[in-house]
Structure formats: structure tokens, C-alpha cells
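All remarks here apply to the structure that follows.
The values are calculated or read from the model by the stated rules, or taken from the named source; none is laboratory data. Quantities reported herein were computed from a predicted structural model and do not represent experimental measurements. Neighbour counts run over all protein chains shown; Cβ positions are idealised from the backbone, glycine included. These area figures cover heavy atoms from the full protein model, side chains too; ligands, DNA and RNA do not enter into them. Shrake-Rupley method; radii C 1.70, N 1.55, O 1.52, S 1.80 Å.
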Amino acid sequence: MNLLGQPANVGRHCGGNRYEIDRAGVDFYADALDDHSALYERYAPPLIHHSECYRFVGEWYLKNLFGNLHGRQDWELFSPIEIGHPVQTRSTIIDRYHKRGRNYIVNETDLMSAEDGRLLVRGRTHQSFLPERGESGGGENYVVDESTAKMKPQRPPFPVATGADLPSVTKTIDQRRCWMFSGPGKNYHNDEEQAKKLGFPRIVVQGMMSTCFVSQVMQDHFGMGWLQGGRMSVKLTNVIWVDDVVTAFGRIREQQAEGASTRVHCDVWVDKADGTRALLGTASALSDS
């Protein structure tokens, strides 16, 4: 059952919104993420509505919020988002599955042109929930903390790509950035008290933020080839906490012909300053070269 006490079935329409893409929104994103691309003179950041799916949490979140985590994120970029033009969103539950003792709900949120219906951006968010509410208790009885977050199963070597490295970006995720990215209301992504209520000792940085850092790496290198044709599929493998310093990386794996262009496939990942891997996966963009 969802937070409204209704079945969270595959196919459930969760809602939609209409937005005007304006200069103020683009500037706010650029300030929050420290991402000041020259492309933003005409186009909005492709993930400007990164958290649109969370505007409908009552429709698709399961009842047990204690210890819920963002497990995986997919992005597909079909067309640039032009400043000064309206967009429309649509949110749908498209899958449910069980993995490693957790229940997963997959929400697909489309961002479309409100003028002609063109699909601009599609995001798929895999959110995981504990089957039964654990005991928060207080003190050190947390569902995840700094030590347990590092106790992950051994993963295969990554990255496997052997091509050229893309220029990386490094970010310090302080509380101001958390508020700008995950506000304006208090929640466990920007307020320590709210984090403790859900079983975390400190503010948990919203998983979408690290996907935006990967998007910046790809956009800085591929430009319009990222805005129109970019793809990303990443797993969020470790919790990022407030005040962590992280670096987003990309490395070219292979290139394949795609029509008159070339699709460049990359391994992408985000590491904390201590080497803990917080995100890994793949991304690709189009290139004319």
C-alpha cells in the first residue's frame, strides 16, 4: 500500500505538473550545483526537474518510510529544454520487485514540451523500502550509519573502461547545498532531526544530486551531444552524508556508429574523498567526431 493507503500497483498514474522554464530557475540550479555551463544561456540543465518524481510520493512510496533509500537511477535525454518554454510532467509506477531483503518501486517520470508534446527527458527512479518497520530506538540504533554503510558486498572491478578520462568535477556537499537541492520543506535530505526519525544519524544527501554531478561531467565534455541523446544508468552504492567531498568521474569505454553520429559509451562513477564509491554505472552521449 502507498502512503495514501491505496494499492501501489504497476501502471498507477501518480500525477503531473506544468512548469515555465525561466532564467531564475536555471540560475538557481546553477548556483545549487555549482554548474555554470555556457549552454545555460539558451537551454536549461537537462536534470533541472531532477526530483519531480518526489512531488508524488504519496502515490508511489510504500508505507514504511524507515530506512528507505534511492537504489538506482536511469536518465534518457531526448531533446534540449529551452528557456522560456513551458513543460509538462507525467509520473507512473512502472515496476515492482524484491531484492536483498528490500521492496523496490520503480517510478517513471516524463518531462514533455507543453506546446507540442515532445518527450524531452525521462527518468526512472528505483526506491527501496524495508519490508517491516525496524526499531529506531534512538542513540546509535540506526538502520544505516557511517560504519555500516561501508559494509557492502564485494563488487566486480570497476571501472572496466580503458579509454580516455573525461575531466572530473569535485564538490563539497554542505548543508546549504542540501537545502537548495532538497528544499524548501524539512526532510531527511536537509535536516538532521528529520534524518534521525528515519533511522539515519546525519543528513543523507539526496541520491539525485550525484546523478546531476555525473550529468555535468558528460555535458562539459559532449555539450549538445549530451542534451540531445544522452543516457545514464547508475546504481547508488553508498550513502553520501552532509559535508562529504565527492568527485564525479567518467572514462570512455567504446564508440559505436549511430546514424550520422557516433555514440560514445562511458563508465561513470562518484567517489568520496576517502575512496568510498557512492555511485557507479554507465552513460553515453552522441559525438560528431
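So if R0 is 30 Å, what FRET efficiency would E20 and A260 give, r being the distance between their Cβ atoms, rounded to the nearest 0.05?
FRET efficiency, E20 to A260: 0.35.
How much accessible area per residue does the chain have, in Å², with a 1.4 Å probe?
45 Å²
Determine the share of the stretch 145-289's accessible area contributed by carbon and sulfur atoms, expressed in whole percent, with a 1.4 angstrom probe.
49 percent
Using a 10 Å cut-off on Cβ atoms, rank the peptides 234-243, 27-36 from the highest mean neighbour count down.
The most tightly packed comes first, giving 234-243, 27-36.
If I compute Cα extents along the principal axes in Å from the structure I just sent, which labelled value in [x] 67, 40, 32; [y] 45, 45, 39; [z] 58, 42, 34 lines up?
Looking at Cα extents along the principal axes in Å for this model, the match is [z].
Cα atoms only: what Rg and Dmax, in Å, come out for the stretch 1-145?
Reported Rg and Dmax, both Å: 17.4, 54.
Can you tell me, using C-alpha contacts under 8 Å and at least 6 residues apart, the relative contact order of the chain as a whole percent?
The value is 19 percent.
Restricting attention to the stretch 64-134, which GluC sites (Glu not before Pro) occupy a DSSP loop and are surrounded by at most 10 other Cβ atoms within 10 Å?
Working: sites: E76, E82, E108, E115, E132; in loops: E115, E132.
Sparse-neighbourhood loop GluC sites (Glu not before Pro): E132.
Using the Karplus curve 6.51 cos²θ - 1.76 cosθ + 1.60 with θ = phi - 60°, what ³J(HN,Hα) values do you get for each residue of the stretch 161-169, in whole Hz, with x for Gly and Pro?
Going residue by residue, I get 4, 10, x, 6, 7, 7, x, 8, 10 Hz, with x marking Gly and Pro.
In the calculated pair distance distribution of the stretch 163-231, what percentage of Cα-Cα distances lie above 13 Å?
Roughly 68 percent, rounded to a whole number.
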